[in-house]
1. May I ask you to derive the FRET efficiency for HIS14 and ASP284 from their Cβ-Cβ distance with R0 = 51 Å, giving the value to the nearest 0.05?
2. Need the C-alpha centroid separation for the stretch 27-69 versus the stretch 128-175, integer Å.
3. What pairs in LYS40/LYS127; LYS253/LYS308; LYS9/LYS100 have C-alpha atoms more than 25 Å from each other?
4. Quick one, which of (i) 20.1; (ii) 24.3; (iii) 21.6 is the actual Kirkwood radius over Cα pairs in Å calculated for this model?
5. Peptides 41-47, 127-133: what's the order by average Cβ count within 10 Å, highest mean first?
6. Give a residue-ordered list of calculated ³J(HN,Hα) values for the stretch 15-25 (Karplus: 6.51 cos²θ - 1.76 cosθ + 1.60, θ = phi - 60°; whole Hz; x for Gly, Pro).
7. Within 10 Å, count the other beta carbons around each residue, average over each peptide in 84-96, 28-40, and list them highest first.
8. Of the GluC sites (Glu not before Pro) in the stretch 175-260, which ones lie in a loop per DSSP and count no more than 11 other C-beta atoms within 10 Å?
Amino acid sequence: MIKVQGLSKIYGEHIAVDDISFEVKEGHIYGFLGPNGAGKSTTMNIITGYITPTTGTVEVNGYLMGKDTLKAKKSIGYLPEIPPLYPDMNVKEYLTFVAKIKGVPRAEREAEIERVMAATDITDMAKRLIKHLSKGYKQRVGIAQAILGNPKVVILDEPTVGLDPEQIIEVRTLIKSLKGEHTVILSSHILSEISATCDEVLMIANGRMIACDTTENLLKNHKAVKTIKLNVKGDKEKIEEVLKKIDVVDEVKFIENKGESSVFEVSCDSSKDVREDISFALSDARLLILELTEETSSLEDIYLELVKEADEAYEAEMKAIAEGADLDEVFSDKEDEEKSDDAKSEDSKDNDEKESADDSKEA
């Protein structure tokens, strides 16, 4: 549905978007995630044809932006961070105006306006002046104009910014209802927004793509860590000694004393359920568990980890440039390391398959 290849945008000496590539599949909701200033809005403005890239191409619904620009733009409905509303128009007048601009045929115009007002639940506001609407209803009108004309792609830039919790839930529900009939790209720097609404995630930092995958795969491919918080009655040193002897526990961290009890955090691989091992070990040592809570790495943890890695790599590159280093050699060394890691991973996979085959033969 959308293909972005080698996209860059440079303003003077500032690189806003740096050689990013990704594809968006039809009928899915994608979360475009990144810190403020990461290049999200610039990328969206390029995809919509609002600004031109320095290098790279954007293809929307089979049409190349810059070549079949008008056809590509007709495939897109766009809600920028600040909705393009005319406050002195009422809702229906505004949507009629937008329908004319989008070239909706006169015979279909009334029905199309009624459809988008019903879809965004603003029919009762049809005659209300836009300047008298709440922030939440203004966002609904913004989304209504975006889906007017039934575009294949809907791009929403920070659609819930400035809304109260109830309005955020309402807009989320509205966005989810677009799935299937429309392909949606939702830009945000709010993790909960992406987790609650999107099928897949695009992550960007310093203008560079750092991840493009489903939430499930991101959690799977980046080792998720399970953290268990324990409040245990007994001697602190004895508790710590028992916890450190448990094989499935990777790390033990003392948090605080609470009178006759001590609070610890233990970390382990999220694929393992270590509660039974911990319970039996502490019980055998006659140590009483007063409280046990469990948390697993979230999309937020992975996002922060990936952004941190991207920031460190970017800073190292900028430092190398400032010191006059040969970047070709720097990147060559990095590629060699990555190939070595891939080779090790492949060897490990082959060994696992061989062991599995041997076990099968023995059985």
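1. Working: r = 62 Å, r/R0 = 1.21.
After rounding to 0.05, the efficiency reads 0.25.
2. 20
3. Details: LYS40/LYS127 35 Å; LYS253/LYS308 23 Å; LYS9/LYS100 32 Å.
Pairs exceeding 25 Å: LYS40/LYS127; LYS9/LYS100.
4. (ii)
5. Details: 41-47: 22.6, 127-133: 14.3.
Answer by packing, highest mean first, reads 41-47, 127-133.
6. 9, 6, 10, 10, 6, 9, 9, 6, 10, 10, 7
7. Working: 84-96: 17.1, 28-40: 21.5.
Highest mean packing first, the order is 28-40, 84-96.
8. Values: sites: GLU181, GLU193, GLU200, GLU216, GLU237, GLU240, GLU241, GLU251, GLU256, GLU260; in loops: GLU181, GLU260.
Passing both the DSSP loop test and the Cβ count: GLU260.
No value in this document is a laboratory result; all are computed from the given coordinates. Quick caveat: nothing in here was measured; it's all calculated off a predicted structure. As a convention, Cβ positions derive from the backbone with ideal geometry for all residues, glycine included, and neighbour counts pool all protein chains shown.
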